[in-house]
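Colleague: Sharing a structure, written as structure tokens. Questions coming.
Only the coordinates and a few stated rules stand behind these numbers; no lab work does. Keep in mind that what you see is a predicted model, and the values were worked out from it rather than measured. Note: ideal-geometry Cβ built from the backbone for every residue, glycine included; neighbour counts use all protein chains shown.
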Amino acid sequence: MLTGCSSWPKDYADLYKREGCWKGETFVEMLRDRAEKQGDRIAITSGDRNVSYAELDNKAGRLAAGLQELGIKQMDRVVVQLPNVIEFFEVCFALFRLGALPVFALPSHRSSEINYFCEFAEAVAYIIPDKHAGFDHRTLARGAKDKNEKLNVIVTGDAEEFVNLADLYIDPKKNEAKVASSDIAFLQLSGGSTGLSKLIPRTHDDYIYSLRVSAEICQIDKDSVYLAVLPIAHNYPLSSPGILGTLYAGGRVVLSPGPSPDDAFPLIEKQGVTITALVPPLALRWLDAISTRDYDLSSLQVLQVGGAKFSAEAARRVYPAFGCKLQQVFGMAEGLVNYTRLNDPEEIIINTQGRPMSKYDEIRIVDEEDRDVEQGEVGHLLTRGPYTIRGYYKAEEHNAKAFTEEGFYRTGDLVSMTANGYIVVEGRDKDQINRGGEKIAAEEVENHLLAHEAVHDVAIVSMSDDYLGERSCAFVISRQKAPTAKELKQFLKERGLAAFKIPDRIEFTDSFPKTPLGKVSKKALRQIISDKLNNRITLK
Ligand code: AMP
Ligand code: DBH
């Protein structure tokens, strides 16, 4: 086991094996099996390119050989920051063959996040596109390499001074690593609530189990066509059932060049897409676009919406607009995923965020003292199960707070449960902003702002927003010479913070409201900005 990872206690591991959750399968075997059984079927479509299962397996083998020659070996961590491209799959499966661990960065991450991932994970390599969405990722690589000159930088496209990924596809070798199903397969990212994102170690056993159950619940089979719209490195489009669940079931993944209706609608028609996954703001955008576009979307059977709370009003519009089923998905990269079932009554699909996918998921809803609340009451959601981690990577101190002694993960979500076991997300007690599915740890951004010489103190809270659900607002107490909001935003950009984390609004103030204990009251700050937006009070 990789050091810095907590495993399941033996009695639980035995239980999950005995009950057939963990079947001892690895990602290497999964792809090889599909390649043997249905090698000619298309696994991935991207633009004009179609890649069969046999081809994908073959490419992964060749790339593994090239990566091995670069010196990448079992247990090594590799920061992978690729958009929705075929190479993402080849890189992942090549690393799995070597027993090396992808660390899944998102395309929107910038130097602040990338340098931290490389350093914290002690990465030996960083894999990037040359440019994506108008941004040159090689500039990030140069920064990361300044901090660690041994870092291997591998680039798709124009590699400049770095290694070109295309040159690494060489004749496969026999001596690939022995990968066990109980090994860590990769490190996912948490949205973070205290400071920086935590890294989430997921094993082959636990993740493949979540794919199998997700594919079953979403009725994915060989004829399914999953459109990948959201960034595929994120846990939701990666696994719920996402691209990997689709490959698990032998279906076909279609990569969308972007999330807009004008990218996605023609692809749905042309490729006969049966299922896709959106976050709420995108679902709203698609709902608004549909009446003004003339595409045949009748192949679409399921539209998943998750990552942030989808309002019942919007949920109600999905079937009339798309003529397909809505599925709400409430999940987390740490594990637990809840789905509404495809055959659930409409009222459940519209008004709840689903129920746990596995009967082995244990759910507790508790009060401040960890006592179970009455059924129907709102409380803190705790969970434990066959695909929920028992600890973050190298985070002993944080783990002591984020997990109970019995190994339940404290999700930081406030939920209630309906009489028939469905979960309704009611709020959050973690210091995080959920900006349309993109999570922002307030403390991380606060720390960056505190580094500005004119900032005395800062507190970041969410403000509600019709489109994104929430946006971020930074309250700043400045020193003598007050900076402007524009200067502060530019300062954060220059520090290499991902754009989605830069506060949407900055309010200057002389003092913060306090709780009776003397802590900054974020609740009161949320109220202040909410009142201000509703024109009820004026801040000076
Ligand atoms: P992370 O732990 O960074 O993977 O983010 C997972 C978090 O996203 C959950 O703990 C929730 O706070 C939030 N989330 C995900 N899906 C939903 C949903 N359908 N409704 C409300 N919140 C959600
Ligand atoms: O928000 C999430 O992290 C998320 C949402 C839906 C997730 O990780 C998932 C499904 O698997």
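Colleague: Considering each residue of segment 245-260, count those that are touching a residue at least 60 places away in the same chain (Cβ under 8 Å) and either part of a helix (DSSP H, G or I) or among the hydroxyl-bearing types (Ser, Thr, Tyr) (or both), and give that number.
Modeller: 3
Colleague: Is there a residue being polar (S, T, N, Q) and either touching a Pro at 6+ places or on another chain (Cβ under 8 Å) or within 16 Å of ligand 2 (Cβ to nearest atom) (or both) anywhere in segment 258-266?
Modeller: no
Colleague: Which condition breaks for Lys486 when tested against (1) surrounded by 12 or more Cβ atoms within 10 Å (Cβ to Cβ); (2) free of Cβ contacts under 8 Å to residues at least 12 places away in the same chain?
Modeller: Here Lys486 clears every test but (1).
Colleague: Tally the residues that are more than 11 Å from ligand 1 (Cβ to nearest atom), at negative phi and assigned to a loop (DSSP other than H, G, I, E, B), restricting the search to segment 416-473.
Modeller: Total satisfying the criteria: 12.
Colleague: Out of (1) within 16 Å of ligand 1 (Cβ to nearest atom); (2) in a loop (DSSP other than H, G, I, E, B); (3) closer than 25 Å to Pro257 by Cα; (4) not charged (D, E, K, R), what's the single condition that is false for Val103?
Modeller: Every listed condition holds for Val103 apart from (2).
Colleague: Please find, among Thr340, Thr274, the residue that is within 19 Å of Pro237 (Cβ to Cβ), in contact (Cβ under 8 Å) with a residue 24 or more places away in the chain and away from ligand 2 (no atom under 16 Å from the Cβ).
Modeller: It is Thr274.
Colleague: Ok, one more. Given Val424, Val445, which one is of a type outside the set (Phe, Trp, Tyr) and more than 16 Å from ligand 2 (Cβ to nearest atom)?
Modeller: Val445
Colleague: In segment 437-460, which residues are touching a strand residue (DSSP E or B) at 6+ places or on another chain (Cβ under 6 Å) and either aromatic (Phe, Trp, Tyr) or under 22 Å from Lys309 (Cα atoms) (or both)?
Modeller: Across segment 437-460, the qualifying residues are Lys439, Ile440, Ala441, Ala442, Ile460.
Colleague: Another question about this same structure. Among (1) of a type in the set (Ser, Thr, Tyr); (2) out of contact with any Phe, Trp or Tyr (no Cβ under 9 Å at 6 or more places or on another chain); (3) in a helix (DSSP H, G or I), which single condition is Thr194 missing?
Modeller: Failing condition for Thr194: (3).
Colleague: So, one more: Can you name the residue in segment 216-238 that is of a type in the set (Ser, Thr, Tyr) and under 18 Å from Tyr53 (Cα atoms) and, of all such residues, is nearest to ligand 2 (Cβ to nearest atom)?
Modeller: Across segment 216-238, the extreme among qualifying residues is Tyr226.
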